[in-house]
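**Q** If you scroll down you'll find the structure; I have some questions about it.
The values are calculated or read from the model by the stated rules, or taken from the named source; none is laboratory data. Treat the numbers as computed from the prediction; the structure is a model and nothing was measured. Because the Cβ atoms are built from the backbone with ideal geometry, glycine has one as well, and the counts that use them run over all protein chains shown.
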């Protein structure tokens, strides 16, 4: 297929911000965190790209990526089994001297030969800590019209509380923009100011050849971070345009925000805002429909297929294949795939990772501001 | 490279007794059980039984079915050698024929079967709900050194005369076949699932085709001819769940039985025997505060604000506030608007039931019809659809159809 002058390839960083959610990435990475009853976080950017004809996508996995490989498989669910392009997963080479990628620079530097061989004119770079139904076509169009070297997407929101309170930088870098006439004048790294900020979504559009140049130069100099080391020092030379995104953004920045962003989807307004666009694809599990047995009581819940509900469930998000037995009570909780709440057990403000079992009669209670987290396969 | 056994799935049935549900699609494509279509059952049975080559014989309204089957990937039947193939009748140098009967449909595809050089061919039917391990059936066929085997179900004697019956001895060898007899000699009903040795089947198909008086039908022609020649014919007893869903009431009943797997025996919650289907891709279903959901099955994409009791809702069904759904089967993307009451009925896909309309009613006395609303129909606000109604066209607000 001949690529048009507007076509773009995608580069996804599935490990970005892993450090913010240590519990959830214990056995996985940011991209494969379950979200919204049946998805993994990467489904959102991946599906958005597919819908925008971005069908040559490189996923720069770094560590803990088995769950993501399992989830993505050949990429068929996202229509990414292509003769030209399709899905590429790039782990770091396991050689004596090599290390995991530190920032985007060393990661992209490791695929420069691949990038040189591609036909697409533009490259789109994203992380996976955002659940968005993002229109990349509109952003690429804006990029072309503005004549920018780099276009960076942001939304306007307050910085998450845990980042404001943080006293160290070892959870990684986040960025906010100072914008003048649509151009990024300054990039602040790990800003700790209250109030609405131009919060970088870490989604970038850049011409593929310019990206190769920028990365090549930065890598030779031993630089690591695209935003901090490549864009920030060159803001006067590079025309970096800011692209404001007004759509729905669920941003995962710690366990609490993970809990809140799931719960927000119980409000139809938010649910429609995130899902009324083109469909979000995910791995198919071929579950049967969910069954509500006599005696079940449910109020204000989002439930995926394959569940069997016999107890009471309120204000909760249930992933595929969850069982809530007779007399069990589930309130304000998130139960991931395959969790079992046995007869008479009672849980509240709980985040149960995959295949957690709460034994009959047991009680687990967190609070609104501090939900309890139970790790994968644990039996309580 | 020869295949041991391939499957030929008869999916040409018009399903005329399903009326409004099969106006635009073939019977095997009729939705079932919340997220499936009828054909998902035989296809999933095939792949779960280790059969990787399936020919689907279609001729009536094939569009939906063709699109649904696609390359067979949802059933893991996208294979380099084998896989699923839709086989409609086609034009030949010497003219073209519609499939004249079930046997003729297979006859016209002899060259398809020969490509796989199979030892056995299993003939399946696309209008039954059944979870069956065909490899077990094949094992029986081999053990008996049979040339033909048919899967049979024991049915109550008083109902036996409604079925095609196999009369078999102690050793399961078939001695007689009775098609819907007044005086049944057996209560072993044929499920319409046959295993043939391919050389035998081929011989009898060719002989049947040469007979100008034949109806080219398995039950009426092929099986009697096999009996005439004293072939080694055996009856394989199947005692799992099996239902012919050829009528509105049996389709409704089978759906309701899915709600009660403990008693009905149709368990879709079986990890070892999954039924595969094409997925809607919608987000999890949503039950709002104030909604009531009792003893029901819901699928991805449903939005429930009203009351749902003892019903099966397919993906994307919306039940608005104040609406009541009871004993109902509502297929994909249909909407029940505020205040509407929907009972004891089958609502096809993409139907809109407007405010305060009433569709169907709970059975009372002799009245136990299942109201049926066809694909894409709109029922106007305040309209009334009687319990025996078969709605194919839109009903204006305030009007009635009985």
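One line per residue, one yes/no per condition, for (1) in a helix (DSSP H, G or I); (2) within 14 Å of another protein chain (Cβ to nearest Cβ):
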site: A:43; (1), (2): yes, yes
site: A:49; (1), (2): yes, no
site: A:54; (1), (2): no, no
site: A:63; (1), (2): no, no
site: A:67; (1), (2): yes, no
site: A:87; (1), (2): no, no
site: A:91; (1), (2): no, no
site: A:102; (1), (2): no, no
site: A:106; (1), (2): yes, no
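**Q** If you don't mind, there's one more thing I want to ask. Would you tally the residues in region B:109-155 being under 30 Å from residue B:267 (Cβ atoms), touching a strand residue (DSSP E or B) at 6+ places or on another chain (Cβ under 7 Å) and assigned to a helix (DSSP H, G or I)?
**A** The qualifying residues number 5.
**Q** Look at residue B:278 and say whether it is away from every other protein chain (no Cβ under 13 Å) and either modelled with pLDDT under 95 or surrounded by fewer than 21 Cβ atoms within 10 Å (Cβ to Cβ) (or both).
**A** So residue B:278 fails the test.
**Q** Now a separate question. Return a yes/no flag: does region B:255-278 have any residue that is touching a strand residue (DSSP E or B) at 6+ places or on another chain (Cβ under 6 Å) and either free of Cβ contacts under 8 Å to residues at least 12 places away in the same chain or not in a loop (DSSP other than H, G, I, E, B) (or both).
**A** yes
**Q** Which numbered condition in (1) closer than 22 Å to residue B:306 by Cα; (2) facing another protein chain (nearest Cβ under 10 Å); (3) over 26 Å from the mean Cα position of the chain (by Cα); (4) buried (at least 19 other Cβ atoms within 10 Å of the Cβ) is the only one that residue A:330 fails?
**A** (2)
**Q** Considering (1) part of a loop (DSSP other than H, G, I, E, B); (2) under 30 Å from residue A:50 (Cα atoms); (3) facing chain B (nearest Cβ under 8 Å), say which one residue A:271 fails and leave the rest.
**A** Residue A:271 satisfies every listed condition except (1).
**Q** I've got another one for you. Restricting attention to region B:59-80, and to residues there that are within 26 Å of residue B:253 (Cβ to Cβ) and without any contact (Cβ under 8 Å) to a residue 60 or more places away in the chain, which single residue is surrounded by the most Cβ atoms within 10 Å (Cβ to Cβ)?
**A** Here the answer is B:65.
**Q** Same structure, new question: Could you check how many residues of region B:283-304 are at the interface with chain A (Cβ under 7 Å from one of its Cβ atoms) and closer than 26 Å to residue A:41 by Cβ?
**A** Qualifying residue count, region B:283-304: 9.
**Q** Answer yes if at least one residue in region B:27-48 is surrounded by 21 or more Cβ atoms within 10 Å (Cβ to Cβ) and either without any contact (Cβ under 8 Å) to a residue 40 or more places away in the chain or farther than 29 Å from residue B:297 by Cβ (or both), and no otherwise.
**A** Scanning region B:27-48 turns up at least one residue that is surrounded by 21 or more Cβ atoms within 10 Å (Cβ to Cβ) and either without any contact (Cβ under 8 Å) to a residue 40 or more places away in the chain or farther than 29 Å from residue B:297 by Cβ (or both).
**Q** Something else now. So in region B:317-331, with the set limited to residues that are out of contact with any helix residue (DSSP H, G or I) (no Cβ under 8 Å at 6 or more places or on another chain) and surrounded by 21 or more Cβ atoms within 10 Å (Cβ to Cβ), which one is farthest from the other protein chains (Cβ to nearest Cβ)?
**A** The extreme case among them is B:323.
**Q** Any chance you could count how many residues in region A:286-307 are closer than 17 Å to residue A:342 by Cα and either more than 7 Å from chain B (Cβ to nearest Cβ) or in a loop (DSSP other than H, G, I, E, B) (or both)?
**A** Here the count works out to 7.
**Q** I'd like the full set of residues that are part of a strand (DSSP E or B) and under 18 Å from residue A:312 (Cα atoms), limited to region A:361-380.
**A** Listed by number, the residues that qualify are A:363, A:364, A:365.
**Q** Residue check, residue A:260 against (1) assigned to a helix (DSSP H, G or I); (2) surrounded by fewer than 22 Cβ atoms within 10 Å (Cβ to Cβ); (3) within 14 Å of another protein chain (Cβ to nearest Cβ), all met but one. Which one?
**A** Here residue A:260 clears every test but (3).
**Q** Okay, moving on. What about residue A:283, is it more than 7 Å from chain B (Cβ to nearest Cβ) and free of Cβ contacts under 8 Å to residues at least 24 places away in the same chain?
**A** The answer is no for residue A:283.
**Q** Sticking with this one: Going residue by residue through region B:93-113, is there one that turns out to be within 14 Å of chain A (Cβ to nearest Cβ) and crowded, with 21+ Cβ neighbours inside 10 Å?
**A** no
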